[in-house]
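Trainee: So that we are looking at the same thing, I have put the structure below in structure tokens.
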Amino acid sequence: AGLLGVVLLAPAPALPAAAVTEQYRQDLSHAYDSPESVGHALDHVLTAVAMPQPVRDAVVRDSLATSGDARTEWPLRGIAQDITEEARRIETPVAVLAGEHDKVEPPTVLRACLLPYVPHATMTTVPGVGHLLPLEAPEAVATALGDFLTTVRG
């Protein structure tokens with residue numbers, strides 16, 4: 001009650017993509033094992049633009065500060081859950097923002113595996129960026145949030 005809308009930034013799909021195999025999940029569960037593995041994920045998977053070194057250092061530090069169970073829960077279990085039935089029950093407007101070059105949740109995957117299951121969802125693709133939208137394109141995210149808030153307040 002009272003919820004005007006939801007904005008999802010580079011979300012996971014409601015239906016796991018075909019690429020989410022057991023091997024993929026096992027590999028992903030080690031992405032945050034060390035500073036080197038986090039750096040590799042940042043440079044080769046998560047981002048499409050270079051982050052300033054202090055921001056990159058903070059992401060590495062914060063990623064490693066999480067407990068092992070928290071770091072592996074998503075890749076080993078959460079990513080493989082089918083939540084299409086729950087997604088179909090969303091009754092509020094949903095704005096999805098996707099990075100044009102997101103390798104984690106590409107716009108094509110979100111169009112196929114999320115949008116069909118969320119009744120009132122629309123998607124905007126942010127040009128030139130990857131998965132870490134707030135870090136790679138903070139202005140675009142802020143603009144999209146403001147536009148969405150204006151729309152839902154109507």
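Trainee: With the requirement that a residue be touching a strand residue (DSSP E or B) at 6+ places or on another chain (Cβ under 7 Å) and aliphatic (A, V, I, L, M), what does the stretch 131-154 give you?
Mentor: Passing the criteria: Leu133, Ala137, Ala140, Val141, Ala144, Leu145.
Trainee: Please work out which one of (1) closer than 21 Å to Pro13 by Cβ; (2) assigned to a loop (DSSP other than H, G, I, E, B); (3) charged (D, E, K, R) is the condition Asp33 fails and give its number.
Mentor: Of everything listed in (1) closer than 21 Å to Pro13 by Cβ; (2) assigned to a loop (DSSP other than H, G, I, E, B); (3) charged (D, E, K, R), Asp33 misses just condition (1).
Trainee: Further question on the same structure: If Ala142 passes every condition in (1) within 17 Å of Ala19 (Cα to Cα); (2) without any contact (Cβ under 8 Å) to a residue 24 or more places away in the chain; (3) over 13 Å from the mean Cα position of the chain (by Cα) but one, which one does it miss?
Mentor: The number of the failed condition is (1).
Trainee: From Ala18, Ala14, Ala50, Ala41, which residue is free of Cβ contacts under 8 Å to residues at least 40 places away in the same chain, in a loop (DSSP other than H, G, I, E, B) and closer than 20 Å to Val109 by Cα?
Mentor: Among Ala18, Ala14, Ala50, Ala41, only Ala18 is free of Cβ contacts under 8 Å to residues at least 40 places away in the same chain, in a loop (DSSP other than H, G, I, E, B) and closer than 20 Å to Val109 by Cα.
Trainee: Please find, among Glu86, Glu139, the residue that is under 27 Å from Ala58 (Cα atoms), loosely packed, with under 13 Cβ neighbours inside 10 Å, at pLDDT 95 or above and acidic (Asp, Glu).
Mentor: Glu139
Trainee: Do we have Arg71 as within 29 Å of Thr122 (Cβ to Cβ), in contact with a Phe, Trp or Tyr (Cβ under 7 Å, 6 or more places away or on another chain) and of a type in the set (D, E, K, R) here?
Mentor: The answer is no for Arg71.
Trainee: Look through the stretch 89-111, keep the residues that are aliphatic (A, V, I, L, M) and assigned to a helix (DSSP H, G or I), and return whichever of them is surrounded by the most Cβ atoms within 10 Å (Cβ to Cβ).
Mentor: Going through the qualifying residues, I end up with Leu110.
Trainee: Follow-up. What's the number of the condition Ser63 fails, among (1) small (Gly, Ala, Ser); (2) touching a residue at least 24 places away in the same chain (Cβ under 8 Å); (3) not in a helix (DSSP H, G or I)?
Mentor: (3)
Trainee: May I pose another question? Just need a number here: residues in the stretch 112-154 that are of a type outside the set (Asp, Glu), under 23 Å from His44 (Cα atoms) and part of a helix (DSSP H, G or I).
Mentor: Number of matching residues: 6.
The values are calculated or read from the model by the stated rules, or taken from the named source; none is laboratory data. Source: prediction; values computed, not measured. In this analysis, Cβ positions are derived from the backbone assuming ideal geometry, glycine residues included, and neighbour counts consider all displayed protein chains.
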